[in-house]
Amino acid sequence: MDFDFTDMPGPDKYRLLTNFVGPRPIALVGTRSPSSQNNAAPMSFFNVFSHEPPLVVLGIQTRGNGEEKDTVANIRRTGEFVVNMVDMSIAEAMIVCGVNFSSEIDELAFAGLTPVRSVKIDADRIAESPCSFECRLERIIDYPRRVLIIGEVVHMHVHDRCLDAAGRYVNPETYQPIARLHADNYITSDRQFVLSKPEALLPYEAGQLAPVPGGAVR
Ligand SMILES: Cc1cc2nc3c(=O)[nH]c(=O)nc-3n(C[C@H](O)[C@H](O)[C@H](O)COP(=O)(O)O)c2cc1C
C-alpha cells in the first residue's frame, strides 16, 4: 500500500508515523512548575541529535483543546529540563506521569518517584531513572500546535551498575531502556546482539581499496 502524506488528515499521519517509526526511546522529561513543584511527562518524539554540541530533541504537541502542555510552558519559562531514561523498573510510573494531570499536580510524587537535586540546573532529576541528562534549552522551533525543543546536555548521571568496571561503556546486562512501539505497545532491550562490519571490508573504511564491478575486493 502507498500513502500520500501531502493529502492526509493529521490523525492518520500520526498513526502511520508512530506505528512504523519505532521503537522510539522514551524521555521522562522533568521540569519545574511556576509554583516550584516537579512536573514530569514521557515523550517519545525524542532522540539524541548530536554529540558536539551535545543536543537532544523533543517533539511536543498541544493538548486537544489547543493549550500548551506543562512541559513546554515550563521549558519556555525556565529554559531547563531533565531527560530521565526509562527502564522496566519505572515503566509503570512513567505511564502514570503521562496522564494529563492539571499543572498543580506533582507527577513524581503521584507516581512514587524520588526527586533528586540536579547539579547544574534547577529542575530535579529522578533517583530511580538509570540515567538522566540535565539540559539547557538551546532553542525552540514553533510549528502550529507543536514545538520542536532542542536542548543542550550540560550534565549526565548514570547509576554505577549501568557502566562497565572502567566506567566508560554501558553494561548491556544492567542498562536496558524500554522504548515505545505502536499505541500502548512497548519493547525492552533484553535481546541485544552484536553486529560488526565484516573484516574483509575494513580496508574500504581505511580508504585503501576501491570497489570493482561485481562487488569484489581489489
Ligand atoms: C510513552 C509516551 C510517550 C509520549 N510521547 C509524547 C511526545 O513525544 N510528545 C507529546 O506531545 N506527548 C507525548 N506523550 C503524551 C504526554 O506525556 C502527555 O500529554 C502528558 O500529560 C503531558 O504532560 P505535561 O502537561 O505535564 O507536559 C507521550 C505519552 C506516553 C505515555
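Overview of results
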read-out: Criterion (closer than 30 Å to Gly10 by Cα and more than 15 Å from the chain's Cα centre (by Cα)) met by exactly one of Arg161, Arg117, Arg146; value: Arg146
read-out: Glu134 vs. criteria more than 16 Å from the ligand (Cβ to nearest atom), assigned to a strand (DSSP E or B) and either of a type in the set (Gly, Ala, Ser) or surrounded by fewer than 18 Cβ atoms within 10 Å (Cβ to Cβ) (or both); value: no
read-out: Selected residue (only one of Glu107, Glu173, Glu92, Glu134 is of a type outside the set (Lys, Arg) and touching a His at 6+ places or on another chain (Cβ under 9 Å)); value: Glu134
read-out: Pairs where the first residue, in segment 179-192, is of a type in the set (S, T, N, Q) and the second is more than 13 Å from the ligand (Cβ to nearest atom), C-beta under 6 Å, 6+ apart; value: Thr188/Met88; Thr188/Gln176; Ser189/Gln176; Gln192/Pro172
read-out: Residue ID - nearest to the ligand (Cβ to nearest atom), chosen from residues in segment 56-92 that are over 22 Å from Gly151 (Cβ atoms) and under 18 Å from the mean Cα position of the chain (by Cα); value: Ala91
read-out: Any chance Asn39 is near the ligand (Cβ under 8 Å from one of its atoms), closer than 20 Å to Glu134 by Cα and in contact (Cβ under 8 Å) with a residue 12 or more places away in the chain; value: yes
read-out: Neighbours by Cβ (under 8 Å, 6+ apart or cross-chain): first from segment 46-69, over 18 Å from Leu137 (Cβ atoms); second among the hydroxyl-bearing types (Ser, Thr, Tyr) and near the ligand (Cβ under 7 Å from one of its atoms); value: none
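Just so you know, all these numbers are worked out from the coordinates, no wet-lab data involved. Only a predicted model underlies this, so the values are computations on that prediction, with no experimental measurement involved. Every residue, glycine as well, gets a Cβ built from its backbone with ideal geometry; the counts of neighbours run over all protein chains shown.
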